[in-house]
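Presented below is the structure to which this report refers.
The values are calculated or read from the model by the stated rules, or taken from the named source; none is laboratory data. All values reported here derive from a predicted model rather than from experimental measurement. Glycine gets a Cβ as well: all are built from the backbone with ideal geometry, and neighbour counts include every protein chain shown.
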2 protein chains.
Amino acid sequence: MKRLNPHISIDCVLFGFDFENLHVLLIDRGRYDSDFKNEIVQYALPGDLIYMDEQLDEGAQRVLKDLTGLQNIFMEQFGAFGDPGRLSSESDQRWLKSIRSEPEERVVTIGYYSLVKMHDYIPVASSFARSAVWVPVNEVAELAFDHNILLDKALSALRQTLQTRPIGFNLLPPKFTLSQLQRLYEAIHNRDIDKRNFRRKIIKLGIVTELAEKQEGVAHKPARFFSFDKDRYEELLQEGFENFKL
Amino acid sequence: MKRLNPHISIDCVLFGFDFENLHVLLIDRGRYDSDFKNEIVQYALPGDLIYMDEQLDEGAQRVLKDLTGLQNIFMEQFGAFGDPGRLSSESDQRWLKSIRSEPEERVVTIGYYSLVKMHDYIPVASSFARSAVWVPVNEVAELAFDHNILLDKALSALRQTLQTRPIGFNLLPPKFTLSQLQRLYEAIHNRDIDKRNFRRKIIKLGIVTELAEKQEGVAHKPARFFSFDKDRYEELLQEGFENFKL
């Protein structure tokens, strides 16, 4: 029988891009009302205690899979969160008492995050998750525990990473327009980006290759397709990727 | 009576610069030989379990102060380390049994780091630290637990930070030569940097101001002094600091 560590948990912030908006994967773990009926929706990040004998990285994979069915997603740490009061709200305590043997113990959680192509990952809720859904980041309401704080920190880490590594390219189709790429950056930064500046900087960076092909069957002037130059990308990573500010 | 959390610790990686080399603050916590005599030197990062009711950031301050006497140093997290076997070597277990009530429990540690002007911080060992010393990073031998791994990770975090924030300036005197500044970057990156390139990039960045004054009483050609332009620095942080690659 595996033993849970009562003091250490992992929470996963999985971002998903659908070519339009940035989403985050949430579970509905439910919330008990004052009659102890668990009938209210309460969204939370997928997270749980780790096992005593589990590596943190393995724990992150296992927790995500247990609650949402998703697996084989490389996630990175973005911080540890240990406010002693982070689990002590009345509503959170009611819920914890329903599933944990030591609900009042203080838990430090390690945050893991990643960004994936949303439509490639269809979550299926299990364990204490009653549903698992992609929610646009801009529409996230009050989450359980301190999960809004975790979400904010993960978003900062994602934006920081986008400046030092062009992580976004695997989120687009093999042939994409610069408008599609721009939309990805706008969604992550949650602001409009100047089109001309964006194109100039992206092209200067040399990691996109212009293709002969153009869009077909569109109502507007067809846009040129680009592909991602992986060799040039690897080269930039080797020699130190220049900061990519928009 | 404060209760220690048997599963969560904090380790501090405090880097110090002495105008020449990068150092790290270590404690000698001792090591028991097979006769259980604690007479062998065993260096380790200053670290300990946290209290149940303690914020992580406060814990980092408290642990550093308890072991080395140093305080009021702003430190940042650089990662959580949770290999289930990280404390299980025979030598580490012998030591843990001498000071902990639950020496075999698995402990996840949260790493905190900072960089300070070394000569401003004179450590004074206390608690289970038998001495506390600044050691050149290049001369660090085998540390207790997984502390060599933590040191490597903290060094990577420091180098990464140096690319996105000019953190080094408060480590130099108010008036400094570009050679002194270059030496700081070389010490952190542990490699030689091309002098001409360095000067060009630093001046282009606009965060140093050339002064009228020059060095006096030096054997070589006296070098020009520079000062740090704090307003320009703040401005760059606001608008997004350009990546500073050397």
Quiz item: When you scan region A:94-108, how many residues do you find that are crowded, with 16+ Cβ neighbours inside 10 Å and not charged (D, E, K, R)?
Solution: 5
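Of the residues B:N197, B:N170, B:N190, only one is more than 21 Å from B:L67 (Cβ to Cβ), in contact (Cβ under 8 Å) with a residue 60 or more places away in the chain, out of contact with any Ser or Thr (no Cβ under 8 Å at 6 or more places or on another chain) and of a type in the set (S, T, N, Q); which?
Of the residues listed, the single one that is more than 21 Å from B:L67 (Cβ to Cβ), in contact (Cβ under 8 Å) with a residue 60 or more places away in the chain, out of contact with any Ser or Thr (no Cβ under 8 Å at 6 or more places or on another chain) and of a type in the set (S, T, N, Q) is B:N190.
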Quiz item: Quick one: is A:R29 touching a residue at least 12 places away in the same chain (Cβ under 8 Å), of a type in the set (D, E, K, R) and away from every other protein chain (no Cβ under 14 Å)?
Solution: yes
Exercise. Looking at (1) surrounded by 14 or more Cβ atoms within 10 Å (Cβ to Cβ); (2) more than 30 Å from B:V13 (Cβ to Cβ); (3) modelled with pLDDT under 90, find the lone condition where B:I202 falls short.
Key: (2)
Self-check item: Every pair of residues 6+ apart whose Cβ atoms lie under 8 Å, when the first sits in region A:69-83 and is facing chain B (nearest Cβ under 7 Å) while the second is assigned to a loop (DSSP other than H, G, I, E, B)
Solution: A:G82/A:R106; A:G82/B:Q55; A:D83/A:D146; A:D83/B:Q55
Quiz item: Here is a list of conditions, (1) within 14 Å of another protein chain (Cβ to nearest Cβ); (2) under 15 Å from B:P123 (Cα atoms); (3) part of a loop (DSSP other than H, G, I, E, B), and B:K2 meets all of them except one; can you say which number that is?
Solution: (2)
Quiz item: Picking from A:K65, A:K37, which residue would you name as being closer than 22 Å to A:W134 by Cα, more than 10 Å from every other protein chain (Cβ to nearest Cβ) and without any contact (Cβ under 8 Å) to a residue 12 or more places away in the chain?
Solution: A:K65
Practice problem: Of the numbered conditions (1) surrounded by 16 or more Cβ atoms within 10 Å (Cβ to Cβ); (2) not in a helix (DSSP H, G or I), B:L155 fails exactly one; give the number of that condition. | Solution: (2)
Exercise. Give me a count of the residues in region A:212-243 that are loosely packed, with under 12 Cβ neighbours inside 10 Å and modelled with pLDDT of 90 or more.
Key: 1
Quiz prompt | Candidate set from region A:212-228 (those that are hydrophobic (A, V, I, L, M, F, W, C) and more than 32 Å from the chain's Cα centre (by Cα)); member that is nearest to A:S179 (Cα to Cα) | solution = A:A219
Practice problem: Among the numbered conditions (1) modelled with pLDDT of 95 or more; (2) within 14 Å of chain A (Cβ to nearest Cβ), tell me where B:M52 comes up short. | Solution: (1)
